[in-house]
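Engineer: Before I ask anything, here is the structure I am working with.
Here, each number is a calculation from the coordinates, and none is a lab measurement. Not measured: the values here are computed from a predicted model. No Cβ is skipped: glycine too gets one built from the backbone with ideal geometry, and neighbour counts run over all protein chains shown.
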Amino acid sequence: MAIEVTGGIIVNERGTVVTYRQKCERCGYVYDYNKTTIVPAYSTRSARNFTCPECGNYQEVSLTHYNPTRQQGSHRGQQGQ
Ligand SMILES: [Zn+2]
């Protein structure tokens, strides 16, 4: 399983416990301290939004926990679960 982050970069992930750093998507500014949150399996969690100290961009932060083996958009027949 894997974590995808909007407004941040992954530092470490152990199961559903994710350590990340907030990152501005506009200018690329990355905070120099880590934050940790828990992302429920196969769902999205909104984390604390922030305002970039470099460019003033209001950056929303969300973390999505997904299964990389189950790719969306490439349906190759129903397997019927
Ligand atoms: Zn910025």
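Engineer: For the chain, how big is the tail of P(r) above 15 Å, as a whole percent of Cα pairs?
Structural biologist: Pairs farther apart than 15 Å: 58 percent.
Engineer: Residue 14 versus residue 33, label points 7 Å from Cα toward the beta carbon: distance in nm?
Structural biologist: That separation, rounded to one decimal, is 2.1 nm.
Engineer: Quick one: order 19, 37 by neighbouring beta-carbon count within 10 Å, fewest to most.
Structural biologist: Ordered from fewest to most neighbouring Cβ atoms within 10 Å, 19, 37 come out as 19, 37.
Engineer: Could you tell me the relative contact order of the chain? Use alpha-carbon pairs under 8 Å, at least six residues apart, and round to a whole percent. Numbers along the way, then the final one.
Structural biologist: On the way: 150 pairs, mean separation 24.6, N = 81.
Once divided by the residue count of the chain, the mean separation gives 30 percent.
Engineer: On to the next question. Quote the charge dipole size of the chain about the Cα centre in Debye, to the nearest 20; the model charges only the Cβ of Lys and Arg (+1) and of Asp and Glu (-1).
Structural biologist: 220
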